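Notes follow the structure.
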Amino acid sequence: QVQLVESGGGLVQPGESLRLSCAASGSVFRLFRMGWYRQAPGKQRELVAGIASGGNTNYADSVKGRFTISRDNAKNTVYLQMNSLKPEDTAVYYCNTVPGMVSYWGQGTQVTVSS
């Protein structure tokens, strides 16, 4: 049974930064491509960043240049460094495999960007 637990969200002002963490249980973590997703109110969940087991990354155009995804396979943890945050980044952020496994979705962590 794989569990993914997100943390690090909060309320910040535009232009500030946050670092999200996703701790995974189970050895499957290091085998799969992992991603950070987000879902804003009234919108569909979207993939914002992905990272392969070997470290190759990809980003949605909306976050490219501002967000950085990384992983520590020894710690079974994936991170999302978010800089220059904008109000439109406000959402619940989730981590999961890419593509997302239905049974792996966790509670997510709320990120609110507001002045």
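The values are calculated or read from the model by the stated rules, or taken from the named source; none is laboratory data. Note that this is a predicted model, so its numbers are computed, not measured. Keep in mind that these areas ignore ligands, DNA and RNA; they rest on the heavy atoms of the full protein, side chains included. Shrake-Rupley method; radii C 1.70, N 1.55, O 1.52, S 1.80 Å.
Here is how the numbers come out for the structure above:
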| item | result |
| --- | --- |
| Probe 1.4 Å, all protein chains present, accessible-area order of ARG33, ARG71, ARG19, largest first | ARG19, ARG33, ARG71 |
| Rel. contact order, % - alpha carbon contacts under 8 angstrom, at least six apart, the stretch 37-115 | 25 |
| Rounded accessible area per residue of the chain, 1.4 Å, Å² | 53 |
| Nearest-10 value in Å² for the accessible area of ILE51, using the 1.4 Å probe | 10 |
| LEU47, LEU11, LEU4, ranked by accessible area, largest first (probe 1.4 Å) | LEU11, LEU47, LEU4 |
| Tensor-based shape of the stretch 70-115 (alpha-carbon gyration tensor, a/c under 1.5 rounded, otherwise prolate or oblate) | oblate |
| Length gained when the stretch SER53-GLN110 is fully extended (0.36 nm per residue, less Cα-Cα span) | 17.9 nm |
